[in-house]
Every structure is written in C-alpha cells, then in structure tokens.
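Here's the structure we're looking at; comments come further down.
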Amino acid sequence: MPEFYYKDALKLAQKEYRACVSKGKSPLLPALDDFLESEKTAGEVELGLVQIPADMIVGTKTRARVNAFAPNFMPILEEGTEFSQKWQNLCQAHVTEGIRDPITAYEYMNRFYVAEGNKRVSVLKFFGAVNIAATVTRILPEKTVDEDVVLYYEFVDFYKYSKVNFIEFSKRGSFAVLQKLLGKAADEEWSEEDRREFSAVYYYFKQAYLGSGGEKLSSTVGDAMLSYIKIYGYPELRSTDTADIKKNLSKMWEEVKLQENEAPIEIKLDPGDEKKQSVIQKVLSPSIPVLKVAFLYDGTPEKSGWVYDHERGRRHVQRIFEDRIETVAYENVMDGDPLKVIEDAISSGAKLIFTTSPRMLQQSLRAAVEHPDIIIMNCSLNKSHRYIRTYYTRMYEAKFILGAIAGSLSDSGKIGYVCDYPIFGQIAGINAFALGAQMSNPRSKIYLEWSAVKGAKDAALALAEQDIHFISSQDTARFLEDDRNTFGLSYVNKDKKDFLAVAVYRWGVYYEEILRRVLNKTIQAEYESSDKALNYYFGMSAGVVDVEYSKTLSIASRRFGDFLREGIIHNVCNPFMTPIFTQSGEIVGEEQRALRQEQIIDMDYLVENVVGSIPTYDEMTPMGKATVEMAGVEKAQSIVIDPDEKPLPKAGEER
C-alpha cells in the first residue's frame, strides 16, 4: 500500500514541477538560508511547540533537501531510492498509528521553513493535514516602511495576544479591527476556547469563501472574513453553517471583491455641471413616482446641534422638491436597534435612506447588502464599503479661514480649539485651523481639547483657565440667535463672551444635490460605472460649507475671511500646501504642492503648532468610543505599539 501512495505523490510532484517550469518559476523548494543572506534581520524569538498551518509551510531551512521535493512538498526522487523507502515507511506509520513527533521549523514573515522533518511534512500534506505540530523559532525582519513588513509587525502584535497564526490580511490595521470586532480589548489575551472556536469559524468560512470563487481573488480569506464580520457580526458568523455563509457571500460579493483593490475608494469632490430642471420640463415630463426619503438621526433636533442641522436640511429639500419627494425622520435611532429602524423605513416604502451618524455605519451596510435596490447613504468619511455611499463636507476649508482670522486677532498667539471626535475629516479640520492661524500669525499655538474626552463645556473651560481668549468650539447653525457664545470662534475673557464667526454645514444644499442626482439617475449610473466605494466629499465650491460672521467681527477681518473664501472656492488658495511640519518633527512633502485629498482624509498626525494630542480609545466617553469604532483614525483605535517604537509611516508617504 505505501508504494502506491508514493506513486501518487510522485505524480503530484511531477505535475507541480512541470507547471512551475512552464511559468518560469523554480521547480524546487525554496531554502530560507538562501534569501536570508541578503536580508537584514532583527533577531529571533522562540515560539515553542505550536500548530502551524500546513499550507504555510513553504520550504526548508537549508539547501540540504531542496532537490528532494517539488514546491508542493511532494517527493520528486524516483522509486527504489533510499529516500522513497523512508517516505513509504513514514507513510505506513501514519496510516497505522499516526505521526506524532513534531517537526522543527523556522518562521519568517509568517511562512514556515522546515529544519527537521521534511518527509513528515510531505506525508502529512499528502494526506491533507490542515495543521502540523512544530517547535518554531521566529526570525524577525528588520523594520522598514515596506508594506509587507509593516503588515507583518501588526501580525506579530496580534499573535502576542491571540496565538493565532493562520489568518492573514492585505491592509494595515485589520488585525486591530478584528480584535475589536471580536469584542476584545487591544491587549486582551485569548483563551484556549477562544482560539478553538475562532479556528473552527475560520475553517467553515474559508470553505464557503473558496467554494464561492475566492481563490480567483488576490485578497486574502482574512480580508473577506473581516468584511463579512463588519456586515453580519461575529456572533452571527459563529452560528452560521457553510451553506448560509455562501448565501450571504453571494449578496455581498462586490464588497469582497473591493478588498483586492489597492485604491478602493473613489472620491467625488464636486457635484458637476448638472442643470436644475426648469418648470416647463417638469410640466412636460411624464408622471414620476414620488420618491420616499428617510432620514435617521442619532438624537433629536432639540438636544443636538448636529441633528438640528440635518433636520433643517430635510425640511429644505421637502420645500424644494414639493410633491416629487416625501420625507420622513426617525429620531434617537441608536437608542434601540438601528437595523430594525432601517428595515421599517424600507417596509414603509423608502427608496433612499440617509443615516446621519457614523455610528449607524454597520447597520447601514447590513441593510444595503440585504436590499440592493435601496440607496443607503451614511454621513461619514473614508469607508471603503461598496454597497453604501458615504457623504461628508470638506469642513477643513472653513476651519482654515477661522484659524487665519483667529491668528490675526490674537496678540499672544495662544488660541484654543475644541474638537468632537478623532474621526476621518476632523484631524484635517484641526490642522487646517492651525495652518491658517500660522499663516496670519507665525507665533500662534493651537491648544487642543476634546469634547469626546472631557465634554464640550469642560473642554472650553480648560482652555479658558489657561488664559486663552480666542477659542474655536463646535460648529452648527443652531443657537446663533439665542446662544451664539457656545459655538464657533469666540472671544472669551472672564464673564465676557463674544461670538465672532462660525463654520456652518449647509446640509440642505447637500441633500438637494444628492436628490437631484438620484432623481436623474446620476448616482445610480456612478455606482454601475465604478467598481469602487463611492465617497461624496463636497466643499465650499459646492455651497455645502460656509463661514458666517457676527456683527462684532470687524469689517477688516470679514474682508480677510471673504478673500480666503473666494480663493478656496476658485481653487487658488489651498489650506494644505507642502512642506508641512508635524508635531514629531517629520516633514510631509518637500516641494510646494497641494496634498491629495486621500492624504488629507487619512491624516492621523497633528501639525507642529498644535499643543495637544489625538486621544486614545480608552480616554474617550462611551459616545466617543462608539463613534471612533465606526470612523476613527488609526491613532484613536488603540493599536498596540511598543512604547519605545517609532510608528512607521505608510508606504509611499513623504514624512
């Protein structure tokens, strides 16, 4: 019997050998020592006895056995050799009693190279072993900005707590996101039961993924599994069988395919030149069904300035489109089950749904996958999800103007800034404000506080106690008449508070533009013509962001603000021109040029004249944590980094 197994194994080896030769690849196993000669390493770590995935064992430690195996670890030496007899003896032992002795292997970049036990690996792979016991030594690569190295060190951090070595990702931050989605703190160790359960779930998911055509994609099983968990949640995946996983994967397959795209997001910066429909066209147009539009709020207009602004936007479009649309608002959605509210809105006939908080992102995505005929848009930024569109404003343009005004007015150069959450877009707002202040007053320092840590009032009080008189706080069009000292840029001196200017959202203009695009099928066409996630990121040029002044602000300051405003609208004034100097002394860019929008959105650093830091996840309020989980920048996600390590910049960035 063993001799027949060897014949079969030899055929597999020969087939693999020929395939490699035809593709111009080496038909022999790689040897770790060969390519480590030219690689710099950072030491070794003993991992002890571990189960290693058989498909991650890819070579030998030395060249001693490379000529005995094809790259699939099947034997290529002819029958009748001493080697073939030993292989057959091992085969017989495995069939009768099982191979129990662990191999010895080295791990490098999460691939394993056998130092002792090559024939055992060959036999076990021939019989389809999933895992192989091994005593493992990890060889650490030298730290560089190379994307593979950065991803590997994220895996090393993850492995430290999970001891899971079989899941891989192609994008930064994924291991930390997985840890969080499984309900674990960044530094929480996994139990043996956790590992067993996750291993079983991963196996079932992998079978469903490969059975759905996943082997044709360049992204990893881990990428697809993370997307699945983001939509359906880990508890549901844990209780779902392979058939249901395949059914759900078929619904979200475009989301899965998106993961193999190196630039998965397409940013729409301006509405374009579409003309408004004339009254005559409306009369001559055939009867068009009324479009029902739902707005979902995380709060109420009476208690939240953010919700108040969006509610004004809803009322605006209801007036503009009159009998062409019907709008309905749902308040306090996050107090219950947001997914149920979305389903209720769909059941009542809504074909377009705006979820106006990043906290509703996961439920929005789940509903969009289940209802591909419904357009669901979430008010957030930089999320690479195919089935929903996101929309946000380039508020940093208005913040740049406020910063320039504040810098011109401050004799001391000490200016306060209260920010809500460390989410995409907000960091750009802080930096734009600081650069604007620096432009008009090179001595300016921006003292940063976070309402997500202290609360808005306490954050502003903390600034006032530092003898800071010019303070930029929350942005809203609400309360400008009855409580204007609470918001925008204000002058504060003991009991004296003067409102000066405020950056405002024009959500009515934004929703009007989106509705026109839906009614004339532009948004639908954009989706069908693209294979990326669509982010609408409009600014001053589209009229969705602006600056309002109070009567107490001098005419000279207003003219200064208007001058910058016109420059931004006509693209002759850019808040982010390189080189930009960061707090840590790094330099973004060298020549004078504008940052790309992707670089602005992804900002997770503060510029040199900001005094303060981006808060960690553990420092924030429950609302802050919930918001950051959905749309937070990387530094706010509590990714575990050794305290003596310098964070690596992203590949291709100039720092």
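The values are calculated or read from the model by the stated rules, or taken from the named source; none is laboratory data. On a predicted model such as this, the values are computed, not experimentally measured, just so you know. Methodologically, a virtual Cβ is constructed for each residue, glycine included, from the backbone with ideal geometry; neighbour enumeration extends over all protein chains shown. Heavy atoms of the whole protein, side chains included, go into the accessibility calculation; ligands, DNA and RNA do not. Shrake-Rupley method; radii C 1.70, N 1.55, O 1.52, S 1.80 Å.
Here are a few things to note about the model shown:
- Output for the range 153-167, where each listed residue is over 14 Å from residue 222 (Cα atoms) and touching a strand residue (DSSP E or B) at 6+ places or on another chain (Cβ under 9 Å): 153, 156, 159, 163
- If you go through the range 608-655 and pick out every residue that is open to solvent by 50 Å² or more (accessible area, probe 1.4 Å), of a type in the set (Gly, Ala, Ser) and modelled with pLDDT under 85, you end up with 2.
- When the range 366-391 is filtered for residues that are out of contact with any Phe, Trp or Tyr (no Cβ under 6 Å at 6 or more places or on another chain), outside any loop (DSSP other than H, G, I, E, B) and within 21 Å of residue 266 (Cβ to Cβ), the ones remaining, listed by number, are 375, 376, 378, 389, 390.
- Matching residues, the range 211-224, being open to solvent by 30 Å² or more (accessible area, probe 1.4 Å) and under 23 Å from residue 181 (Cα atoms): 220
- Residues located in the range 408-426, provided they are touching a strand residue (DSSP E or B) at 6+ places or on another chain (Cβ under 7 Å), modelled with pLDDT of 95 or more and part of a helix (DSSP H, G or I): 409
- Every residue from the range 333-365 that is on the phi < 0 side of the Ramachandran plot, touching a residue at least 40 places away in the same chain (Cβ under 8 Å) and not in a helix (DSSP H, G or I): 348, 350, 351, 352, 353, 354, 355, 356, 357
- Selection count, the range 547-558, where residues are open to solvent by 30 Å² or more (accessible area, probe 1.4 Å) and either within 28 Å of the chain's Cα centre (by Cα) or hydroxyl-bearing (Ser, Thr, Tyr) (or both): 3
- Scanning the range 156-168 turns up no residue that is farther than 22 Å from residue 50 by Cα and polar (S, T, N, Q).
- Output for the range 343-373, where each listed residue is hydrophobic (A, V, I, L, M, F, W, C) and either open to solvent by 10 Å² or more (accessible area, probe 1.4 Å) or over 18 Å from residue 293 (Cβ atoms) (or both): 346, 361, 365, 369
- Of all residues in the range 521-539 being open to solvent by less than 10 Å² (accessible area, probe 1.4 Å) and not β-branched (Val, Ile, Thr), the one that is farthest from the chain's Cα centre (by Cα): 539
- Among (1) closer than 15 Å to residue 491 by Cα; (2) in contact with a Ser or Thr (Cβ under 7 Å, 6 or more places away or on another chain) - the single one residue 411 does not satisfy: (2)
- Once the range 298-342 is narrowed to residues that are within 18 Å of residue 626 (Cα to Cα) and among the small types (Gly, Ala, Ser), the residue that is most open to solvent (accessible area, probe 1.4 Å) is 336.
- Which listed residue is touching a Pro at 6+ places or on another chain (Cβ under 8 Å), within 24 Å of residue 66 (Cα to Cα), at pLDDT 95 or above and among the small types (Gly, Ala, Ser), from 105, 134: 134
- Single unsatisfied condition, residue 412 versus (1) within 30 Å of residue 471 (Cα to Cα); (2) among the hydroxyl-bearing types (Ser, Thr, Tyr); (3) in contact (Cβ under 8 Å) with a residue 60 or more places away in the chain: (3)
- The range 617-628 residues that are farther than 16 Å from residue 449 by Cα, paired with ones that are in a helix (DSSP H, G or I) and of a type in the set (A, V, I, L, M) (beta carbon under 6 Å, 6 or more apart): 628/636
- Of all residues in the range 59-90 being among the β-branched types (Val, Ile, Thr) and open to solvent by 40 Å² or more (accessible area, probe 1.4 Å), the one that is farthest from residue 113 (Cα to Cα): 81
- Residue selected from the range 373-397 under the condition touching an Asp or Glu at 6+ places or on another chain (Cβ under 9 Å) and of a type outside the set (S, T, N, Q), by the criterion nearest to residue 513 (Cα to Cα): 389
- Every residue from the range 133-156 that is of a type in the set (Asp, Glu) and buried (at least 19 other Cβ atoms within 10 Å of the Cβ): 154
- Cβ-Cβ contacts under 8 Å between residues 6 or more apart (or on different chains), taken from a first residue in the range 120-136 that is more than 23 Å from residue 47 (Cβ to Cβ) to a second residue that is among the charged types (D, E, K, R) and open to solvent by 20 Å² or more (accessible area, probe 1.4 Å), are listed as 126/8.
- Where helices (runs of 4 or more DSSP H) fall entirely within the range 171-273, those with at least 2 residues that are among the polar types (S, T, N, Q) are at 174-181, 192-211, 242-251.
- Among the conditions (1) buried (at least 17 other Cβ atoms within 10 Å of the Cβ); (2) among the basic types (Lys, Arg); (3) more than 25 Å from residue 202 (Cα to Cα), the only one that residue 40 does not satisfy is (1).
- Residues of the range 95-125 that are part of a strand (DSSP E or B), open to solvent by 20 Å² or more (accessible area, probe 1.4 Å) and not aromatic (Phe, Trp, Tyr): 104, 111, 115, 116.
- Qualifying residue in the range 70-89 (condition: touching a Gly at 6+ places or on another chain (Cβ under 9 Å) and either farther than 17 Å from residue 126 by Cα or assigned to a helix (DSSP H, G or I) (or both)): no
- Selection within the range 587-607 - surrounded by fewer than 16 Cβ atoms within 10 Å (Cβ to Cβ) and either of a type outside the set (Val, Ile, Thr) or at pLDDT below 90 (or both): 590, 591, 592, 593, 594, 596, 598
- Evaluation of residue 405 against (1) in a helix (DSSP H, G or I); (2) closer than 22 Å to residue 588 by Cα; (3) in contact (Cβ under 8 Å) with a residue 40 or more places away in the chain (one fails), failing number: (2)
- For residue 431, the test of being under 23 Å from the mean Cα position of the chain (by Cα), more than 29 Å from residue 527 (Cα to Cα) and surrounded by 24 or more Cβ atoms within 10 Å (Cβ to Cβ) is passed.
- Criterion violated by residue 439 - all others in (1) open to solvent by 50 Å² or more (accessible area, probe 1.4 Å); (2) at pLDDT below 90 satisfied: (2)
- The listed residue being closer than 27 Å to residue 220 by Cβ, loosely packed, with under 13 Cβ neighbours inside 10 Å and over 34 Å from the mean Cα position of the chain (by Cα), out of 28, 49: 49
- Any pair with Cβ under 7 angstrom, 6 or more apart, that starts in the range 238-259 at a residue that is surrounded by fewer than 19 Cβ atoms within 10 Å (Cβ to Cβ) and ends at one that is among the polar types (S, T, N, Q) and not in a helix (DSSP H, G or I): 246/212; 250/212
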